[in-house]
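Shown next, in structure tokens, is the structure this report addresses.
The values are calculated or read from the model by the stated rules, or taken from the named source; none is laboratory data. Everything numeric here is computed off the predicted structure, so don't read it as measured data. No Cβ is skipped: glycine too gets one built from the backbone with ideal geometry, and neighbour counts run over all protein chains shown. Accessible surface areas use protein heavy atoms only, side chains included; no ligands, DNA or RNA. Shrake-Rupley method; radii C 1.70, N 1.55, O 1.52, S 1.80 Å.
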Amino acid sequence: MFKIFTPTYVAKNVYEINVDFFKKIGIKCIICDLDNTLDAYYEQYPTEKAMDFVKKLKEAEIDIFLTSNNTETRVKPYADKLNINYIFSCRKPLVFKFKKVLKNFKYDRKDCLIIGDQVFTDVLFANRLKIKSILCDNLVSKDQFFTKINKFFDKYIRRYLKKHNKLTDWREI
Ligand SMILES: [Mg+2]
């Protein structure tokens with residue numbers, strides 16, 4: 001039952017992962033969550049570390065695509081500053097909206113990697129799509145209300161997976 005909630009890898013945050021790792025596992029496109037993965041939800045525009053991360057990916061010729069359950073007003077200004085493609089109101093862990101995106105994607109699913117901070121949205125979303133994933137810790141402890149409810153179950157599952165040695169740190173690869 002917990003298999004569907006198990007990420008391929010775990011990381012403390014996206015910023016500790018070096019680009020060589022993505023190259024090593026053959027990633028051509030990173031499908032990345034926004035809130036609490038790249039930046040806190042109250043950061044209207046990308047912080048310097050986010051700008052730097054995207055720059056490094058571009059230099060390594062790795063594409064990045066933003067997937068957020070948040071609204072257009074939240075996602076568009078942020079993604080536009082980074083000059084990257086995005087989908088808002090994605091409704092993760094549901095896959096029907098993103099499957100439409102995948103139809104026009106130039107990347108094969110095996111060359112993609114989903115990164116996010118939540119088991120119930122990002123990891124479940126990735127496993128349903130059969131795409132590799134990295135589950136990060138939360139960037140900041142501050143969250144929007146609806147996320148707080150999810151977090152309760154999130155903690156429980158993480159604890160279970162850890163106890164049963166189901167979590168692989170990206171550094172182990
Ligand atoms: Mg998030």
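Per-residue packing, averaged as other Cβ atoms within 10 Å, sorts the ranges 105-113, 31-39, 147-155 into the order 31-39, 105-113, 147-155, beginning with the highest.
For the chain, the gyration tensor built on C-alpha atoms gives a rounded shape. Its axis ratio a/c (a ≥ b ≥ c) stays under 1.5. Considering only Glu72, Glu59, Glu48, the mean-square fluctuation computed in a Gaussian network model of the chain, springs between alpha carbons under 10 angstrom, is largest for Glu48. In the chain, the calculated helix contribution to ellipticity at 222 nm averages -10500 deg cm²/dmol per residue, counting -39,500 (n - 2.57) for every DSSP H run with n ≥ 4.
Exceeding 27 Å between C-alpha atoms, which entries from my cross-link table qualify? They are Lys24/Lys97; Lys23/Lys55; Lys24/Lys49; Lys24/Lys106.
Lys24/Lys97
The stretch between Lys56 and Lys3 holds 15.9 nm of extra length on full extension. This uses 0.36 nm per residue minus the Cα-Cα distance. Here the extension length gained between Gln144 and Ala40 equals 36.4 nm, from 0.36 nm per residue of separation less the Cα-Cα distance. Between Leu102 and Ile25, the distance separating the two model label sites (each 7 Å from Cα on the Cα→Cβ line) works out to 1.7 nm.
At 1.4 Å probe radius, can you tell me the per residue accessible area of the chain in Å²?
That works out to 55 Å² per residue.
In segment 3-172, taking the dipole from charged Cβ atoms about the Cα centre, the farthest positive-side position among Thr67, Leu124, Met51 is held by Leu124. Between the C-alpha center of segment 18-48 and that of segment 121-173 there is a gap of 15 Å.
Rounded to the nearest 20, the size of the Cβ-charge dipole of segment 3-172 about its Cα centre is 840 debye, with Lys and Arg at +1 and Asp and Glu at -1.
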